[in-house]
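Beneath this line is the structure, given in structure tokens, with notes to follow.
Derivation of every value follows stated rules applied to the coordinates shown; laboratory data play no part. Here the structure is a predicted model, which is why all the values come from computation and not from measurement. Using ideal geometry, Cβ is built from the backbone for each residue, glycine included, and neighbour counts are taken over all protein chains shown.
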Amino acid sequence: MNGNDFAAWMAAIQQRTENALAALLPDAAIAPPRLHDAMRYAVLGGGKRVRPLLAHAAAELVGASPERVDRVACAVELIHAYSLVHDDMPCMDDDVLRRGKPTVHVEYDEATALLVGDALQALAFQALAEMPPGDSPAAQLEMVALLARAAGSRGMAGGQAIDLAAVGQQLTREELEFMHIHKTGALIRASVVLGAQCGAPLAEGQLERLDRYGKLVGLLFQVVDDILDAQADTATLGKTAGKDADNNKPTYVTLLGLSEARRLADSLLADARDTLAILGPRAARLDELATFIVHRRF
Ligand code: GRG
């Protein structure tokens, strides 16, 4: 891997995604201005944009039109941003800091935060439904359905419900994995698959390979998140560190200990990279992203 090349690619996609999101979000001057201002506050000017990066990296396999990939990147990031806004609310994780600034309910108010999440979720589906058409309307409809499944009660929202019910409980490794595959993993997996669906159909078996890569990277992301929550400081993370322990939440670190959690991350990374092998050199960005996810500092 050429590190400089990857860093430049990542910065370019992050900027491209920022521009696309800024254009898609309603202007703060449009009524109702407070809601639109809060939506822009929640989405713009922060975040690593991991899900858009995965969508763009997967799209490199299929020669997709950049405008279609931008729409997919915005859709998954909008769902992610909505989930963070709701997760931070007093009825859930009750946090005051996100991406280095006050959370939406702190900066605005709780009712606004609730509506911001609702409106961002709706905008995500609007972005996909209205994106420049591909060759097949049926395939585009399937993309909308795929995102809905990933975000819904059998995906992210269901994982969040399991997470809330798990506070103070002892979970087995299988139960913890089941929770994270849904809460964090489902949207990450969808980001990869949706990116690959922006262009020509992949050859037999390749989409399944990508789906497996997405599943492994989703889990990997969470294992690393648990390690960072236990180890990094609040200033570096841009969110409250040690929150899982404070909330008495089961994590990979509490279940396995730090060094075993690190070993698990390394082994998931190796599996994810192996899974890409048959996809050839066009999967290079996906390979680099998996490595980035393990070595990130926030
Ligand atoms: C409220 C329906 C609903 C779901 C919330 C994903 C989630 C479900 C809550 C977030 C809680 C959390 C901290 C989960 C750990 C993994 C995670 C999603 C971390 C934040 O994602 P990053 O690191 O954040 O991609 P940035 O700010 O870089 O976008």
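What fraction, in whole percent, of alpha-carbon pairs in the stretch 152-298 exceed 27 Å separation?
In whole percent, the long-distance tail amounts to 24.
Using helices alone, what [θ] at 222 nm do you get for the chain, with -39,500 (n - 2.57) per DSSP H run of 4 or more residues, divided over all residues and rounded to the nearest 500?
-22000 deg cm²/dmol
Residues with beta-carbon under 12 Å from that of Ala55, excluding Ala55: net charge, scoring Lys, Arg +1 and Asp, Glu -1?
+4
Rounded to two decimals, what ratio of Rg to Rh does the stretch 1-145 give with C-alpha atoms and a Kirkwood Rh?
Rounded to two decimals, Rg/Rh equals 1.00.
For the stretch 84-133, with the dipole built from +1 on Lys and Arg beta-carbon atoms and -1 on Asp and Glu ones, taken about the Cα centre, which of Pro133, Met92, Gly117 lies farthest toward the positive end?
Pro133
Among Ala272, Leu194, Gln206, which residue has its Cα furthest toward the positive end of the charge dipole of the stretch 154-298, with +1 on Lys/Arg Cβ and -1 on Asp/Glu Cβ?
Leu194
For Ala111, what is the net charge nearby, where nearby means another residue's Cβ is under 12 Å from its Cβ and Lys, Arg count +1, Asp, Glu -1?
After counting each charged neighbour, the total is -2.
Once each part is reduced to its C-alpha centroid, what is the distance from the stretch 128-149 to the stretch 152-194 in angstrom?
Measuring centre to centre over Cα atoms gives 24 Å.
Using Cα positions and a limit of under 16 Å, work out the aspartates and glutamates in reach of Lys239, with same-chain residues fewer than 8 apart set aside.
Those aspartates and glutamates meeting the cut-off are Asp87, Asp88, Asp93, Asp94, Asp95, Glu107, Asp225, Asp226, Asp229.
If you place +1 on the Cβ of every Lys and Arg and -1 on the Cβ of every Asp and Glu, how big does the dipole about the Cα centre of the chain come out, in debye to the nearest 20? Before the final figure, lay out each step's value.
Details: 29 positive and 39 negative charges, 90 e Å.
It comes to approximately 440 debye.
Suppose we take every Cα in the chain and form the convex hull; what volume per residue is that in Å³?
Each residue corresponds to 122 Å³ of Cα convex hull volume.
What is the log10 of I(q)/I(0) for the stretch 1-74, computed with the Debye formula using one identical point scatterer on each Cα and no solvent, at q = 0.11, 0.12, 0.14 Å⁻¹?
Cα-only, vacuum Debye calculation for the stretch 1-74: -0.33, -0.38, -0.50.
Sort the following peptides by mean Cβ neighbour count (other Cβ atoms within 10 Å, averaged over residues), highest first: 72-79, 176-183, 273-280.
Result, highest mean first: 72-79, 176-183, 273-280.
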